[in-house]
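Laboratory data are not the source of any read-out in this text; all were calculated from the coordinates shown. All figures in this text were calculated on a predicted structure; none of them were measured in a lab. FYI the Cβ positions are ideal-geometry reconstructions off the backbone, even for glycines, and counts take in every protein chain you see.
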Amino acid sequence: MKRSLLRIISALLLAAMLMPLVSCIPKETRFSISWFDYFDTVITLTAYAPDRAAFDAASRKTEECFQRYHRLFDVYNEYEGIINLASVNRMAGEETAVEGEIIKLLALGKEYEKLTNGKLNIAMGAVLALWHDAREQAALDPGHAAIPDKEALISASAHCDINKIVLNSEKNTVTLLDPEMRIDVGAIAKGYAADRAAEILSETGYPFLLNCGGAVLAGGKKPGGESWTAGILDPFSDGFAETVNVSDAALSTSGSYLRSFSVGGRNYGHIIDPDTLMPAEKVASMSVIVPGTTGACLADALSTACFILGTEGAKELLSAVEGAEGIVVENGGRTSHITN
């Protein structure tokens, strides 16, 4: 099992310890379920429902939602019967008919690229694929781990112009004008799926907490009026750097420790700075809180961009987003807060 997956599972167990041990409240009982097959992470749903049958019905719809978007937004694997983002990448240079949800996600990606001044760029797939392959190779054969060749990275970066992603919302088509371009939505796909799952859960009226690896989405408050508690992993230990109360809000954490590999005793994270084409390392982790029960996609985008920018750049970016807050763990271990 990958080290990142072990850390996520440990975090979920620790988070459970932080919650009050109330298993039965009149008319509302606490239930929980986890899934391990979507978006390369552990997804846990916790909710207060009238009974097990009601919770099971809600959880089935939630899992179906994550399964659907996992397949639709996969950039590496195609699935029978659907045209997904891997299909779009394969057909780069051609106009490709897709589901409307792909258009919506890519439109958000374009919007977030402008908001973050290019720090979050869904058109960087050609560069990110080189780092992905290096990370996979390191996992298979650590003794021969290597980072991507600099010249290969520079060559790939010539195919990352987001303006060459052309969306036609009337025809539901995507065209990558550069045949060498590749889309990568890893920074926002999971959050988008969580937002859609939250819409389903909100219809039930049950208070819920969705924990999707480094992203948490809280709908409502627990019976009795308490907020949900979420933990921000300490990059330097197996505990928490900080715990926060969330209600009708999304929390996303980005950090180089979540998916990294080692070469020559040095760790290389998975979040790549588009300016240097190398893993960002200005801070150890960056968490962003965004108000609203469908704020996970935005929180994911902001935490990624803020991690790349570092503390000072994050302050400037978050000041432009109403209600957004940041929690920074510096490389030295100190934790600080960014508030508007």
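Across the chain, Cα pairs under 8 Å and at least six residues apart give a relative contact order of 16 percent. Gyration tensor analysis over the Cα atoms of the stretch 119-271 returns equivalent ellipsoid semi-axes of 34, 25, 10 Å (largest first, whole Å). Full extension of the chain segment joining K114 with E170 gains 17.9 nm, where the gain is 0.36 nm per residue of separation less the Cα-Cα distance. Taking amide hydrogens as placed 1.01 Å from N in the peptide plane, the amide H of V263 sits under 5 Å from those of Y268, each at least 5 positions away in sequence or on another chain.
Per residue, the convex hull spanned by the Cα atoms of the stretch 28-164 amounts to 167 cubic angstrom. What does the convex hull of the alpha-carbon atoms of the stretch 211-340 project to on average, in nm²? For the stretch 211-340, averaging the hull's shadow over all directions gives 8.3 nm². For the stretch 85-176, the percent of C-alpha pairs falling in each 10 Å distance bin, counted from 0 to the bin holding the largest distance, reads 16, 39, 30, 13, 2, 0. Would you mind checking the pairs K114/K164; K119/K282; K221/K315; K150/K315 and listing those with alpha carbons more than 23 angstrom apart? Distance filter (> 23 Å) returns K221/K315; K150/K315.
Among the GluC sites (Glu not before Pro) found in the stretch 260-340, those both in a DSSP coil and sparsely packed, with 10 or fewer other Cβ atoms within 10 Å of their Cβ, are E322. Exposure proxy ranking for D300, D195, based on other Cβ atoms within 10 angstrom of each Cβ and starting from the fewest, stands as D195, D300. Here the extension length gained between A54 and D133 equals 24.2 nm, from 0.36 nm per residue of separation less the Cα-Cα distance. Computed per residue of the chain from DSSP H runs no shorter than four, each worth -39500 (n - 2.57), the mean residue ellipticity at 222 nm is -12000 deg cm²/dmol. Taking label points 7 Å from Cα along the Cα-to-Cβ direction, I154 and E203 give a separation of 5.3 nm. Under 16 Å Cα to Cα from K171, which lysines show up? Leave out anything in the same chain fewer than 8 places away. Of all the lysines, those that pass the test against K171 - Cα under 16 Å, at least 8 places apart if same chain - are K104.
Expressed per residue, the C-alpha convex hull volume of the chain stands at 136 Å³. The M278 and E95 beta-carbon pair, evaluated with R₀ = 45 Å, returns a calculated FRET efficiency of approximately 0.85.
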